[in-house]
Amino acid sequence: MAAPLLEVRNLRVGFQTDHGLLTAVDGVDFVLEAGKTLGVVGESGCGKSVTAMSLMRLLPQPSGRILSGEVLLEGQDLTKLPIEAMRKIRGNDIAMIFQEPMTALNPVQRVGAQIIEAIQLHEPMKPEKAFKRAVELMEWVGIPAPEQRVNEYPHQLSGGMRQRVMIAMALSCHPKVLIADEPTTALDVTVQAQILDLLKRLQGETGMAVILITHDLGVIAETCDDVAVMYAGRIVERGPVHPIFASPLHPYTQGLIRCLPKLDHPPKTTLPVIPGVVPSLRDMPVGCRFASRCPNPHSTDVLDTRQPWKECGGGHGVEACACFASQLSAPASASASAS
């Protein structure tokens, strides 16, 4: 089998604070194949965006740091590269669409100038040719009248068009990996669908791999090949989309899916919720981090020892907490019989 395009191994990320060094991402592992889409889902504060910023080496400085682990892009460990070498990788081989385009774009520069800057950082190109390329990119991502829009400022564009400008900037140098950090935040439902369709079309045309960070399980189900469920800085379940939605194993994954609205429910039906909140970085349990919110009975040693990772077959894996160990035999046996 060919090596994966991107492989993350035991990634740990921390921040130096007034309360000492706090770990925000703790032992994250995943792989990403060329042309595939990995969805990362979880509540706010679970470490999704910090993981994405770590891959790009864009953690806030000087407080943020990668404590250990590897980020292998085509076998090259990005965590070991000098900062100048990493600048050449960003935008060229791995690019990112940030959460909020209004704050990610420079408000006092025309959007065309910002796209041109992204192009010229990686490709020696005359200004006239770079300008023409910026117009072509804006047309490619579906911005109407790109010859006019290229000379406008971010505040003159709608939220959907600003997001398309961000996508044009991210794809200007044809990256191999695109990280989309909640690219449809604050957009209405129609524009959300347009942006997601656009990403899917561009992925089909370029063959890039995509990491899609979102809160929306419906988006994951429609657009992703694989999904990683994060909770409190750890991946608690990971695998192909269909098995995880059909037979979720971790109580947190089950809780997220139960919270989805159902079309067959009577009007005004109260949605289920997961009680409690994500623990703060200062009070992270050593063992199972979901134990305090878990509906299943468990012993106290679950809080004191990190639970082992179990592969259940077909690429489906889960943090095997003792409170639901009886459920883990079914997927494994089913996979064995199928093979």
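Pick from L81, L58, L263: which residue has the top mean-square fluctuation in a GNM of the chain where Cα pairs under 10 Å get a spring?
L263
In what sequence, highest mean first, do 132-145, 100-113 appear when ranked by Cβ atoms within 10 angstrom?
The densest-packed peptide leads the list: 132-145, 100-113.
Can you work out the FRET efficiency for the pair D304 and A145, with r the C-beta to C-beta distance and R0 = 51 Å, to the nearest 0.05?
The computed FRET efficiency comes out at 0.25.
Among DSSP bridges having both ends in the chain, what percentage is antiparallel? Round to the nearest 5.
So the antiparallel bridges amount to about 60 percent of the total.
Beyond 12 Å, what share of the Cα-Cα pairs of region 53-106 remains, rounded to the nearest whole percent?
Result: 70 percent of Cα pairs exceed 12 Å.
Find out how many positive minus negative residues lie around E7, taking Lys and Arg as positive, Asp and Glu as negative, among other residues whose Cβ is under 9 Å from that of E7.
Net of charged neighbours comes to -1.
Can you tell me the relative contact order of the chain? Whole percent, Cα pairs under 8 Å, sequence separation 6 or more.
19 percent
When semi-axes √(5λ) of the Cα gyration tensor in Å is calculated directly from the model, which label among [x] 36, 23, 20; [y] 35, 27, 20; [z] 73, 19, 16 fits?
So the structure-derived entry is [x].
Under 5 Å between amide hydrogens, which residues at least 5 positions from L171 or on another chain qualify, with H placed 1.01 Å from N in the peptide plane?
Amide H to amide H, under 5 Å and 5 or more residues apart or across chains, L171 pairs with nothing.
Once each part is reduced to its C-alpha centroid, what is the distance from region 142-217 to region 51-70 in angstrom?
24 Å
Treating the beta-carbon of each Lys and Arg as +1 and of each Asp and Glu as -1, no other charges, what is the dipole magnitude of the chain about its Cα centre, to the nearest 20 debye?
300 debye
Which of the pairs K129/K176; K36/K126; K48/K126 have their Cα atoms more than 30 Å apart in this structure?
Table pairs above 30 Å Cα-Cα are K36/K126; K48/K126.
Got a sec to turn the phi values of region 163-171 into Karplus ³J(HN,Hα) couplings, 6.51 cos²θ - 1.76 cosθ + 1.60 with θ = phi - 60°, whole Hz, x for Gly and Pro?
5, 5, 4, 4, 5, 4, 5, 5, 9
Give me Rg over Rh for region 1-117, both radii from the alpha carbons and Rh done the Kirkwood way, two decimal places.
Radius of gyration over Kirkwood radius for region 1-117 works out to 0.98.
No value in this document is a laboratory result; all are computed from the given coordinates. Source: prediction; values computed, not measured. Positions of Cβ are backbone-derived with ideal geometry, glycine not excepted, and every protein chain shown enters the neighbour counts.
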